[in-house]
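Peer 1: Dumping the structure here so I can ask a few things about it.
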């Protein structure tokens, strides 16, 4: 990102390359009293930095997959800061392979993609011993390629640590049982216990005892919500034995999130939504088959199109006729679905359905 005070593409690095006699294309260019520093091929400059930050700030993730990385991106200053450990893993394993191809030279981007895939395979839920042995060999070649791209000041003990990670996984098993995320979260929890900064240890001890007591007492409180009987974050709908007597399209319950806004559906979207509901309602399958057979006889060249366009109007007319002849033969749900929905709807920014949380793009 070529951020001042953080980038390895600085004047000291170029001096080191000159003293070592390597990477002549990055040596300082002296012109009298002036000195020019060539741009490194691995660094982003100018509009590239801004474009990359704009792309990164617009990335959307599944709910619970990662934090809101856009809060760590400052497009105006072309800076990235405030990443947590998990954010760094997400960036390296998921985002970096996608981003580098559009900004860096092909040989550099391929090397970074190999490096990202190395950590992606290493942090997988299940590990293959043969694959780990292959990674143990590949990481040596990957680091050699990185040494041909980045200056010597880039490499420290943390980069060298990658050589030992496949062997460690072979001996210790999957990474998620050994990494530091649970401990970091637990230490963060202790930090939130501190109310008296002059006595942090005492604050943590007192808060820990209080929470232990409350947790023990909550095991005997059955009429209020506690950590033992609290529903999942993405719980939705009704229990399986409730609210299942009516039509299937009316029994699906889900909790919307946020404040609702009134929205008037345009004619095309309204017709598409209505047809989708009617076509997927099993309780009116006999009406669908009857109208489909009628369309097959009268409009053999455009059966599906005629069926989808005329069925809502036909169903409403047919159900109203049957209701006039025998009101008890038509249920309230059937009459409601035949009359059709209101085009004025309540719109929400998010909802939970089938145990998944969905957000609109904005």
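The values are calculated or read from the model by the stated rules, or taken from the named source; none is laboratory data. Small disclaimer: the values here were computed from a predicted structure and weren't measured. FYI the Cβ positions are ideal-geometry reconstructions off the backbone, even for glycines, and counts take in every protein chain you see.
Peer 1: Kindly indicate whether residue 247 is surrounded by 12 or more Cβ atoms within 10 Å (Cβ to Cβ) and within 24 Å of residue 344 (Cβ to Cβ). Write out each step before concluding.
Peer 2: Numbers: surrounded by 12 or more Cβ atoms within 10 Å (Cβ to Cβ): yes; within 24 Å of residue 344 (Cβ to Cβ): yes.
Yes.
Peer 1: Tell me, please, whether a residue that is touching a helix residue (DSSP H, G or I) at 6+ places or on another chain (Cβ under 7 Å), over 30 Å from residue 62 (Cα atoms) and surrounded by 15 or more Cβ atoms within 10 Å (Cβ to Cβ) can be found in the stretch 267-275.
Peer 2: Residues of the stretch 267-275 touching a helix residue (DSSP H, G or I) at 6+ places or on another chain (Cβ under 7 Å): 274-275.
This time we only want the ones that are over 30 Å from residue 62 (Cα atoms), so: none.
No, that holds for no residue.
A quick yes/no check of all residues on (1) surrounded by 16 or more Cβ atoms within 10 Å (Cβ to Cβ); (2) under 13 Å from the mean Cα position of the chain (by Cα):
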position	(1), (2)
47	no, no
53	yes, no
62	no, yes
66	yes, yes
76	no, no
79	yes, no
82	no, no
85	no, no
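Peer 1: State whether one or more residues within the stretch 338-350 are in a helix (DSSP H, G or I), surrounded by 14 or more Cβ atoms within 10 Å (Cβ to Cβ) and in contact with a helix residue (DSSP H, G or I) (Cβ under 9 Å, 6 or more places away or on another chain).
Peer 2: Here is the first cut: in the stretch 338-350, the residues in a helix (DSSP H, G or I) are 338-339.
So of that shortlist, the ones also surrounded by 14 or more Cβ atoms within 10 Å (Cβ to Cβ) come out as 338.
Adding the requirement that they be in contact with a helix residue (DSSP H, G or I) (Cβ under 9 Å, 6 or more places away or on another chain) leaves 338.
Yes, there is a match, as at least one residue in the stretch 338-350 is in a helix (DSSP H, G or I), surrounded by 14 or more Cβ atoms within 10 Å (Cβ to Cβ) and in contact with a helix residue (DSSP H, G or I) (Cβ under 9 Å, 6 or more places away or on another chain).
Peer 1: Could you check, for the stretch 126-137, whether at least one of its residues is out of contact with any helix residue (DSSP H, G or I) (no Cβ under 7 Å at 6 or more places or on another chain), within 30 Å of residue 21 (Cα to Cα) and loosely packed, with under 12 Cβ neighbours inside 10 Å? Please lay out each step first, then the result.
Peer 2: Residues of the stretch 126-137 out of contact with any helix residue (DSSP H, G or I) (no Cβ under 7 Å at 6 or more places or on another chain): 126, 128, 130, 133-134, 137.
Imposing the further condition that a residue be within 30 Å of residue 21 (Cα to Cα) reduces the set to 137.
Next, from what is left, pick out any that are loosely packed, with under 12 Cβ neighbours inside 10 Å: 137.
Yes, there is a match, as at least one residue in the stretch 126-137 is out of contact with any helix residue (DSSP H, G or I) (no Cβ under 7 Å at 6 or more places or on another chain), within 30 Å of residue 21 (Cα to Cα) and loosely packed, with under 12 Cβ neighbours inside 10 Å.
Peer 1: Looking at (1) within 22 Å of residue 149 (Cβ to Cβ); (2) part of a loop (DSSP other than H, G, I, E, B); (3) in contact with a helix residue (DSSP H, G or I) (Cβ under 6 Å, 6 or more places away or on another chain), which one does residue 17 not meet, given that it meets all the others?
Peer 2: Here residue 17 clears every test but (2).
Peer 1: Could you say which residue among 204, 209 is in a helix (DSSP H, G or I), touching a residue at least 12 places away in the same chain (Cβ under 8 Å), surrounded by 10 or more Cβ atoms within 10 Å (Cβ to Cβ) and not assigned by TED's automatic domain parsing to the domain that holds residue 119? Write out each step before concluding.
Peer 2: Details: 209 fails: touching a residue at least 12 places away in the same chain (Cβ under 8 Å).
Only one candidate qualifies: 204.
Peer 1: I need every pair where a residue in the stretch 288-307 that is assigned by TED's automatic domain parsing to the domain that holds residue 278 and touching a residue at least 60 places away in the same chain (Cβ under 8 Å) has its Cβ under 8 Å from the Cβ of a residue that is surrounded by 16 or more Cβ atoms within 10 Å (Cβ to Cβ) and not in a helix (DSSP H, G or I), sequence separation at least 6 or different chains.
Peer 2: That search, which allows pairs on different chains as well, returns nothing.
Peer 1: Anything in the stretch 268-279 that is free of Cβ contacts under 8 Å to residues at least 60 places away in the same chain and either farther than 23 Å from residue 308 by Cα or more than 30 Å from the chain's Cα centre (by Cα) (or both)? List them, or say none.
Peer 2: Across the stretch 268-279, the qualifying residues are 268, 271, 275, 278, 279.
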